[in-house]
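Asks: Pasting a structure below so you can have a look.
The values are calculated or read from the model by the stated rules, or taken from the named source; none is laboratory data. What you see is a predicted model; the values in this text were computed from it and never measured. Quick reminder, even Gly has a Cβ in these numbers, built from the backbone with ideal geometry, and neighbours come from all protein chains shown.
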Amino acid sequence: MASKKKRNSTEGKENLVSPFPDEVLECVLGFVMSHRDRSSVSLVCKDWYSADRWSRTHVFIGNCYSVSPEILVRRFPNIRSVTLKGKPRFSDFNLVPANWGADIQSWLEVFASAYPHLEELRLKRMTVTDESLEFLAHSFPNFKALALVSCDGFSTDGLATIATYCKNLTELDILENGIEDLGGGWLSCFPENFSSLEILNFANLNSEVSFDALERLVTRCRSLKVLKANKSVTLEQLQRLLSRAPQLVELGSGSFSQDLTFQQYAELKNAFNNCRNLHTLSGLWEASSLYLPALYPACVNLTFLNLSYASLQSAEFAKLLPNCPLLRRLWVLDTVEDKGLEAVGSSCPLLEELRVFPAEPVVGGGGGVTESGFVAVSRGCRKLHYTLYFCRQMTNAAVATVVQNCPDFTHFRVCIMNPCQPDHLTNEPMDEAFGSVVKTCTKLRRLAVSGLLTDLSFEYIGRYAKNLETLSVAFAGSSDRGMQCVLEGCPKLRKLEIRDCPFGNVALLSGLERYESMRSLWMSACTVTMNGCRLLAREMPRAKKGCPSLRSHPLRIIISMHGRLSR
Amino acid sequence: MESTVTYKSDLNLKATELRLGLPGADDSDNEKPTTPVAVRNNKRPFSELSDESKSVSDAKDGDRETAPVAKVQVVGWPPIRSYRKNSFQSKKIETEGAGIYVKVSMDGAPYLRKIDLKLYKGYPELLKALEEMFKFTIGEYSEREGYNGSEYEPTYEDKDGDWMLVGDVPWDMFISSCKRLRIMKGSEARGLDCA
């Protein structure tokens, strides 16, 4: 039925009488949400490309240098929501110099004329200045949602302009940015008649905000679902906020330690008791074990508990956990130690994701968790499929046991904090550990390796990790062969980050065919030379020019030698 | 850069090299101090890294038996977001800098003073500060005889309420147990020594 009419519709949108299939197609495609699926859809045929082009309202750009804003707006005229990622992930760890790039301003200028109805902007690792925020606030009258994750270049003054001028704001999400904190006055800039806020996250700003302004804001924003306060908010203030907004589904508490009177504690407990809609809880700075029990009633429906800023000890942690039977995601500090992780294993049968962060993120420190905590979790939490585990020791046997208990890992990131550390019981390399991961976990998409590793571990990865998309490597490998194995063996590899490994030009150039389908390659402090880079650039003209095409995303290759970065 | 170490064949030798302790020792392969050495043997560390680990390994050669785990600064490692790293560092500084303020009285002085014990790294600095604050001199400390050469002796009240002579216990123990200081004068001070 559709084929005859399809031929007519190739005339395009210029026809006043829109052929029926176009609208139907666009309507149907509207249900395809994932950006990857939308990309695939657009490759099917010209009609589908066209339908996708006109109906797409949200665009995701994983590498801001892969396409210019001009080309973007030309292809997609009706965008309302943009997600942009900028700097390479290693910039989070101070491995990328300042002024590297990824500035949002040039994008905003193009958007201002092409997308005047822009509603949402979500940025990760971009440079955003206060001037850009001001430009944003004045250029898009319908602007609703701003999320800044791990960005830098702006201050609280920029937030003040957003608060002042974005009359339709529903979301302000400021997460772990390099922000210049000039004070908490920005929060008081929301006008008195402003009440549309649904999501407010200022947890990572340190300055004290006017509690009065905050309380009034929370009171009049009846649709507020997410509130993540910063550590300047006290327990007593938290109680007052909760009683204004019992409908919250995500809460980030402020500081969780204050000398409360008996009466105040009772009120706090009562407030939490009325907040049974919470599915996410975070914050809890300086959590005092005295007051944790006040939380218990609010944990009954929790699926995500983020304790990564609360230095809990194993005992109080073990008492808290049984109150969270539905927990699926858990982030903790390693102050809970192996004993705390044993409690996770016994109290959280539905757990799917566990992240253990180090309280003391240095090489050669002490304390924290070991392989036995990891094994204990895996015994009780068979559904575990995502882990980020910072530890100071690990064994091949333990990792093998873990993946045997939990074969469905999609994201396996273990960081043995002392570089090149072998199996601490056998003193052998950790090759077999990651070998068992890739052999057992066939769904593995993301892997971060650590410890003492030879080329053997990379042979395993190349041979078995057929679904691997992201690989992070540091202080590992013995020769070029390691990197070659990965590039040759992992067909779905998209992001490869390498630092301090003995991989040189041979390895780099062996991936020429692979790079076509990858998003980014990062290599720093390896044995690549300038000549190797030049050779690579010569062989990969598309990557060099940054010319987008329908079929591939231009690759970003970043190679750092002695601190000099070449893009 | 030629230092590509092949671990496959050399592993066992390397392992013993990495160990802390006398050559020929079998066990204790899980001594943490192996780590900085391993870092030094690694392929191509950052220059900061090799500098750090060099000084660390020097220290280790000095006292092999009891070297504590040395903290090494490696740029961008472990891979924790700067925001998170900074929030814990500032936390440490906060708790470390919370200040231990204690009252200091001096026999004969009309009013008391307060000092922050956290500001000083050890007894010599503290005593010097007290000398300057109250314009007097403290004598030479010796374990057997206390302070000789002056009529003043620095004392403190500890957690148990006892008056102790400043200087007898290790510094860290002192600052955690000291509740107030008193600079005793004359015969009363002598009494402490004999006790």
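Asks: Taking the options A:A287, A:A318, name whichever one is in a helix (DSSP H, G or I) and crowded, with 18+ Cβ neighbours inside 10 Å.
Replies: A:A318
Asks: Let me ask something additional. How many residues are in contact (Cβ under 8 Å) with a residue 24 or more places away in the chain and under 29 Å from the mean Cα position of the chain (by Cα) if we restrict to segment A:508-540?
Replies: Total satisfying the criteria: 16.
Asks: Further question on the same structure: Among the candidates A:L452, A:L456, single out the residue that is touching a Pro at 6+ places or on another chain (Cβ under 9 Å), at pLDDT 95 or above and farther than 16 Å from A:C391 by Cα.
Replies: A:L456
Asks: For residues in segment A:502-517 being within 14 Å of chain B (Cβ to nearest Cβ) and touching a helix residue (DSSP H, G or I) at 6+ places or on another chain (Cβ under 7 Å), which is surrounded by the fewest Cβ atoms within 10 Å (Cβ to Cβ)?
Replies: Residue satisfying both the conditions and the ranking: A:V506.
Asks: Taking A:R413 as meeting all but one of (1) under 25 Å from A:K466 (Cβ atoms); (2) over 26 Å from the mean Cα position of the chain (by Cα); (3) touching a residue at least 40 places away in the same chain (Cβ under 8 Å), write down the number of the exception.
Replies: It fails just one condition, (2).
Asks: Still on this model: Please go through segment A:207-236 and pick out each residue that is crowded, with 17+ Cβ neighbours inside 10 Å and among the polar types (S, T, N, Q).
Replies: Scanning segment A:207-236 gives A:N230, A:S232, A:T234.
Asks: If A:S457 meets every condition in (1) surrounded by 20 or more Cβ atoms within 10 Å (Cβ to Cβ); (2) farther than 25 Å from A:R328 by Cα; (3) at the interface with chain B (Cβ under 10 Å from one of its Cβ atoms) apart from one, which number is that one?
Replies: So the condition that A:S457 fails would be (3).
Asks: Same structure, new question: Within segment A:140-182, take every residue that is of a type in the set (G, A, S) and surrounded by 17 or more Cβ atoms within 10 Å (Cβ to Cβ) and give me the one that is nearest to the chain's Cα centre (by Cα).
Replies: A:S150
Asks: Could you please let me know if A:L447 is within 21 Å of the chain's Cα centre (by Cα), part of a strand (DSSP E or B), closer than 20 Å to B:W77 by Cα and at pLDDT 95 or above?
Replies: It is true that A:L447 is within 21 Å of the chain's Cα centre (by Cα), part of a strand (DSSP E or B), closer than 20 Å to B:W77 by Cα and at pLDDT 95 or above.
Asks: Another question, if that's okay. Do you know which residues across segment A:87-107 are within 24 Å of A:V473 (Cβ to Cβ) and without any contact (Cβ under 8 Å) to a residue 60 or more places away in the chain?
Replies: Matches in segment A:87-107: A:K87, A:S91, A:D92, A:F93, A:N94, A:A102.
Asks: Now for a different question. Pick from segment A:164-200 the residues that are touching a Ser or Thr at 6+ places or on another chain (Cβ under 9 Å), within 14 Å of chain B (Cβ to nearest Cβ) and not in a loop (DSSP other than H, G, I, E, B): which of them is modelled with the highest pLDDT?
Replies: Checking each candidate, the answer is A:L175.
Asks: If A:V41 meets every condition in (1) at pLDDT 85 or above; (2) farther than 16 Å from A:I79 by Cα; (3) within 25 Å of the chain's Cα centre (by Cα) apart from one, which number is that one?
Replies: Unmet condition: (3).
Asks: Which condition number in (1) touching a Gly at 6+ places or on another chain (Cβ under 6 Å); (2) within 14 Å of chain B (Cβ to nearest Cβ) is the one that A:D130 fails?
Replies: (2)
Asks: So which residues in segment A:322-331 are farther than 9 Å from A:C299 by Cα and touching a helix residue (DSSP H, G or I) at 6+ places or on another chain (Cβ under 7 Å), if there are any at all?
Replies: A:P322, A:L330
Table: residues versus (1) part of a helix (DSSP H, G or I); (2) in contact with a helix residue (DSSP H, G or I) (Cβ under 6 Å, 6 or more places away or on another chain); (3) touching a residue at least 12 places away in the same chain (Cβ under 8 Å); (4) acidic (D, E).
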| position | (1), (2), (3), (4) |
| --- | --- |
| A:L217 | yes, no, yes, no |
| A:S223 | no, no, yes, no |
| A:K231 | no, no, yes, no |
| A:Q237 | yes, yes, yes, no |
| A:L241 | yes, yes, yes, no |
| A:Q247 | no, no, yes, no |
| A:L251 | no, no, yes, no |
| A:Q263 | yes, no, no, no |
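Asks: Looking at (1) touching an Asp or Glu at 6+ places or on another chain (Cβ under 9 Å); (2) closer than 25 Å to A:S207 by Cβ, which is the one condition that is false for A:T164?
Replies: Evaluating A:T164 over (1) touching an Asp or Glu at 6+ places or on another chain (Cβ under 9 Å); (2) closer than 25 Å to A:S207 by Cβ leaves (1) as the failure.
Asks: For the subset of segment A:459-512 comprising residues that are among the polar types (S, T, N, Q) and part of a loop (DSSP other than H, G, I, E, B), which member is nearest to A:R445 (Cα to Cα)?
Replies: My answer is A:N467.
Asks: So A:R499 fits all but one of (1) within 23 Å of A:R329 (Cβ to Cβ); (2) among the basic types (K, R); (3) within 14 Å of another protein chain (Cβ to nearest Cβ); what number is the exception?
Replies: Failed condition: (1).
Asks: Which of the residues that make up segment A:392-415 are away from chain B (no Cβ under 14 Å) and not in a helix (DSSP H, G or I)?
Replies: The answer is A:C406, A:P407, A:D408, A:F409, A:T410, A:H411, A:F412.
Asks: I'd like to know if segment A:422-433 contains one or more residues that are away from chain B (no Cβ under 14 Å) and either free of Cβ contacts under 8 Å to residues at least 12 places away in the same chain or out of contact with any His (no Cβ under 7 Å at 6 or more places or on another chain) (or both).
Replies: Yes, some residue in segment A:422-433 is away from chain B (no Cβ under 14 Å) and either free of Cβ contacts under 8 Å to residues at least 12 places away in the same chain or out of contact with any His (no Cβ under 7 Å at 6 or more places or on another chain) (or both).
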